[in-house]
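Asks: Take a look at the following structure, please.
The values are calculated or read from the model by the stated rules, or taken from the named source; none is laboratory data. What you see is a predicted model; the values in this text were computed from it and never measured. Cβ placement follows ideal geometry from the backbone for every residue including glycine, while neighbour counts extend to all protein chains displayed. Each accessible area value is taken on the protein alone, full model and side chains, heavy atoms only, with ligands, DNA and RNA left out. Shrake-Rupley method; radii C 1.70, N 1.55, O 1.52, S 1.80 Å.
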Amino acid sequence: MANQSSRLDRIFAALADPTRRAIVMRLCAGEASVGELADPFDMALPSFMKHIQVLETSGLVQSEKSGRVRTCRLSPDALLGAEDWFQQQRAIWEARLDRFEAYVMKLKKERAAAKRPSKVAEKKTDKTTKRKGAE
């Protein structure tokens, strides 16, 4: 459980940065060299490599070096833990919202019942109206 939690923490920490999210989005289209990935960003290559390292540590990205070129590819299986976590959270919140909706509907019914005059009160009102009309 703790291992799963720390893995999830690393994934969310890696995705918390917009540069790293952009790298992941680019890698969704297919593998790319570090140079290709770094091209759209205005930063020094050593700084960019720190982003790659964070993504690799989280398990989201794998890279391999062939000669002078380091190629990166997405590891989509790393996102399965995050997906499971989101599904669990969705189920929890849907259950809470269902209970809240049931509670609101109960309150509405109670208010509607309280606003409706009771049959005894209606009969008294009818008798009073008939007497006043007879006078």
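Asks: To the nearest 20 debye, what charge dipole does the range 17-97 have about its Cα centre, counting +1 at the Cβ of each Lys and Arg and -1 at the Cβ of each Asp and Glu? Please report the intermediate quantities before stating the final value.
Replies: Details: 10 positive and 11 negative charges, 28 e Å.
Roughly 140 debye for the range 17-97.
Asks: Please work out the average accessible area per residue across the range 16-108, using the 1.4 Å probe convention, and give it in Å². Mind dumping the intermediate values first?
Replies: Details: 6530 Å² over 93 residues.
Accessible area per residue: 70 Å².
Asks: Mind listing the long-range amide H neighbours of Val61? Cut-off is under 5 Å, sequence gap 5 or more, other chains count too, H placed in the peptide plane at 1.01 Å from N.
Replies: Result for Val61 returns Glu56, Ser75.
Asks: May I pose another question? Quick one: length gained pulling Lys115 to Glu56 fully straight, 0.36 nm per residue minus the C-alpha distance?
Replies: On the way: separation 59, 0.36 × 59 = 21.24 nm, distance 6.35 nm.
In short, 14.9 nm is gained.
Asks: Highest mean first, what order results for 16-26, 84-94, 66-76 on Cβ atoms within 10 Å?
Replies: 16-26, 66-76, 84-94
Asks: Kindly state, to the nearest 0.05, the FRET efficiency for Asp39 paired with Arg68, given R0 = 22 Å and r defined as their beta-carbon distance.
Replies: Calculated transfer efficiency: 0.85.
Asks: Find how much the distance from Leu80 to Arg7 grows on full extension, using 0.36 nm per residue of separation minus their present alpha carbon separation; answer in nm with one decimal. Could the numbers behind the result be given before it?
Replies: Values: separation 73, 0.36 × 73 = 26.28 nm, distance 1.10 nm.
Length gained between Leu80 and Arg7: 25.2 nm.
Asks: Another question, then. Suppose the chain between Ala29 and Leu107 were pulled fully straight at 0.36 nm per residue; how much longer would it get relative to their current alpha carbon spacing?
Replies: 23.0 nm
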